[in-house]
Amino acid sequence: AYELTNNIAYKAAAEKAGAYSLSVAGYNSSGGTWTGSLTGAEVYSMARLSAIQATPASNSWRTALVDYLDAADAGYLVGWYGINADDSSAVYDVARRAVAAEYVNHADKAIWRDGVITLLGDVDDADASPVMALGAAVWALTATGDISTDTDVVSVLGGVQIKDLPDELAALQDVADGSFYTKFDTAAGSGYTETTVMGTLGLQAADASSLAYSYSSEIASAVGVLKGGVGAGGEVYWKISDSLSGGYAFAAGETLEAIPEPATMTVLLIGAVGVIRRRRNKV
């Protein structure tokens with residue numbers, strides 16, 4: 001929100017959220033030590049917070065991120081996700097860590113990136129959100145390297161070359177309304193906001209990464225339908241256009257990344273201000 005508006009209030013709110021995450025994780029900034037850990041989204045948030053500082057290459061958020069990555073056993077954590085988490089959620093979390101590790105050029109960045117590929121190979125329709133996982137993987141892999149000529153095979157969707165993952169993702173978009181299917185078996189239906197956000201981010205990243213990919217029409221269609229997932233009060237529906245599915249604050253940030261379009265952004269930010277004010281009133 002701060003990047004899109006240059007409104008210092010959003011920067012301050014984001015930094016307070018980041019400080020809360022570090023506090024809960026037990027981060028000691030003076031010693032660079034941790035007594036807890038961060039979620040994949042929180043790791044990614046450290047990279048995003050670093051990027052909006054006056055000196056992105058040297059700031060407390062970047063230091064905290066590097067300290068976290070230094071302390072984390074990347075190989076162990078990828079393995080832990082493979083055993084203990086829903087496969088689609090595992091890809092989502094590790095993808096965010098991979099992008100953050102690339103941002104600081106961390107020594108373990110290849111481990112995190114390879115982890116995305118490994119975990120994606122376990123994703124199938126028995127998982128909660130396989131298409132969301134595919135979108136997250138395409139987003140992370142194209143953001144951390146050139147996949148346009150990568151002929152290595154990942155065992156998702158029965159075995160696909162990595163370079164063909166963006167095309168597979170595009171094929172899982174519901175042409176009737178622009179949203180993405182939830183499962184590889186399209187009969188399971190479409191229309192969930194977070195799946196469509198991650199599908200959109202994946203196609204946007206691929207489209208920007210190489211001339212080998214061109215998804216402008218698919219992206220425009222997805223962005224168009226995502227606007228219907230934002231209510232008049234700024235809430236983001238769990239299922240696009242279905243207010244009865246409930247509003248989820250965490251999806252607002254993802255939606256802003258996917259559709260930074262002025263009219264929709266304004267509604268989202270009005271909603272964000274409302275959340276901030278409600279929380280302040282509770283203190």
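Remarks
- The accessible surface of the chain, taken with every protein chain in place and a 1.4 Å probe, is 53 percent carbon and sulfur.
- Residues of the range 59-85 falling in the label zone of A126, defined by backbone nitrogen less than 20 Å from a point 7 Å along Cα to beta-carbon, are 79-85.
- Stretchable slack from L4 to D242, in nm (0.36 nm times residue separation minus alpha-carbon distance): 83.0 nm
- Sum of side-chain charges, Q53 neighbourhood, beta-carbon under 14 Å (Lys, Arg +1; Asp, Glu -1): +1
- Label point at A85 placed 7 Å out along Cα→Cβ; residues across the range 100-115 whose backbone nitrogen lies under 13 Å: 100, 112-113, 115
- Charge context of M198, other residues only, Cβ under 13 angstrom, K/R +1, D/E -1: -3
- Helix-only CD estimate at 222 nm, as mean residue ellipticity for the chain, using -39500 (n - 2.57) per DSSP H run (n ≥ 4): -18000 deg cm²/dmol
- For the chain, convex hull volume per residue from C-alpha positions, Å³: 139 Å³
- Protein heavy-atom accessible surface, 1.4 Å probe, per residue over the range 109-243: 38 Å².
- The range 4-120: radius of gyration over Cα atoms, expressed as a fraction of 2.2 N^0.38 Å: 1.06
The values are calculated or read from the model by the stated rules, or taken from the named source; none is laboratory data. Keep in mind that what you see is a predicted model, and the values were worked out from it rather than measured. Every residue, glycine as well, gets a Cβ built from its backbone with ideal geometry; the counts of neighbours run over all protein chains shown. Keep in mind that these areas ignore ligands, DNA and RNA; they rest on the heavy atoms of the full protein, side chains included. Shrake-Rupley method; radii C 1.70, N 1.55, O 1.52, S 1.80 Å.
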